[in-house]
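Visitor: Dumping the structure here so I can ask a few things about it.
Readers should treat all values here as calculations from the given coordinates under stated rules, not as data from a laboratory. Everything numeric here is computed off the predicted structure, so don't read it as measured data. With ideal geometry, Cβ positions are generated from the backbone for all residues, glycine too; neighbour counts draw on all protein chains shown.
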Amino acid sequence: MERPHYKTVVISDVHLGAPHSKVREVSEFLSSVDCDRLIMDGDIVDGWQLHNSDDKWNAGHSAFFRVIMKMMENHGTEVIYVSGNHDDFLDPIVPSKLFNISFVSEYILREEKHSYVVIHGHAFDSITARFRWISKLGDIGYNLLLKFNNMWNRARMRHGKEYYSFSKVIKHKVKQAVSLISGFESDLEAFARARGCDGIICGHIHNPEDKMLKGGIHYLNSGDWVESLSALVEDFDGNWRILRYNDFVKPQP
């Protein structure tokens, strides 16, 4: 099967160092595609989970970065690393460039047919932006939910039932409530307009999205590599779509 080649690939929220990061799956995905531009849209490394801990970084995490280095070496892939809230340890070096990797807090993607501002999105989350201790407490609760979710689904599988992620449902409901309170999407629209762009690309909320906001701003969200296992891909005609790992690895007829 011919190897897919995209103009742009966007991933976010890999959370390397967190116990439920699907590092093997995201490495497999990146190893199976070519792209001219790879945007890592925040929370790639989970500094909150790695803080004061020496045993959470493993060979799989190092292999993830080797895959990216191979993309740069073999295909000349440009890599843009947009910092998020969990990898805010990068903030002191933003903006900077190391070889073919740019470290930024936001990135403007301007092309002939469209222009997008790429930002992780935590600045528009009122809880994360104003009450970091609540956000960290929520992170602990989410990881506990994921642990219980795995135990619960093992029991479901023994009874022949399909996988169901109540942790994802709960997180999405909480994010929806926060978005409603803070006007998350209206803030995204205003920010895109302020940057002179007709679209905005985010991560942060762990929910892949492709829709038009009020006023004609195109909103894209790359999801995460904890539960959604999704990425955004742009073809050479400027068309975007959400690509999910389960669809990508599904055997072709």
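Visitor: Could you pull out the pairs from Lys70/Lys211; Lys70/Lys97; Lys22/Lys113; Lys97/Lys211; Lys7/Lys70 whose alpha carbons sit more than 22 Å apart here? All intermediate terms of the calculation are to be shown ahead of the outcome.
Guide: Working: Lys70/Lys211 33 Å; Lys70/Lys97 18 Å; Lys22/Lys113 34 Å; Lys97/Lys211 32 Å; Lys7/Lys70 17 Å.
In this structure, Lys70/Lys211; Lys22/Lys113; Lys97/Lys211 exceed 22 Å between Cα atoms.
Visitor: Ratio of alpha-carbon Rg to the 2.2 N^0.38 Å globular estimate for segment 24-101, to two decimals, please.
Guide: 1.14
Visitor: Net charge near Leu213: determine it from the other residues with C-beta under 11 Å of the C-beta of Leu213, scoring Lys and Arg +1 and Asp and Glu -1.
Guide: Numbers: positive: Arg193, Lys211, Lys214; negative: Glu185, Asp187, Glu189, Asp198, Glu209.
Taking every Cβ under 11 Å from that of Leu213, the sum is -2.
Visitor: Then there's this: Exactly which chymotrypsin sites (Phe, Trp or Tyr not before Pro) in segment 78-109 are in a DSSP loop and have at most 12 other Cβ atoms within 10 Å? The partial results should precede the final answer.
Guide: Numbers: sites: Tyr81, Phe89, Phe99, Phe103, Tyr107; in loops: Phe99.
Those satisfying the criteria are Phe99.
Visitor: Please list, or write none, the aspartates and glutamates whose alpha carbon is within less than 16 Å of the alpha carbon of Lys214, excluding same-chain residues fewer than 8 places away.
Guide: Glu185, Asp187, Glu189, Asp198
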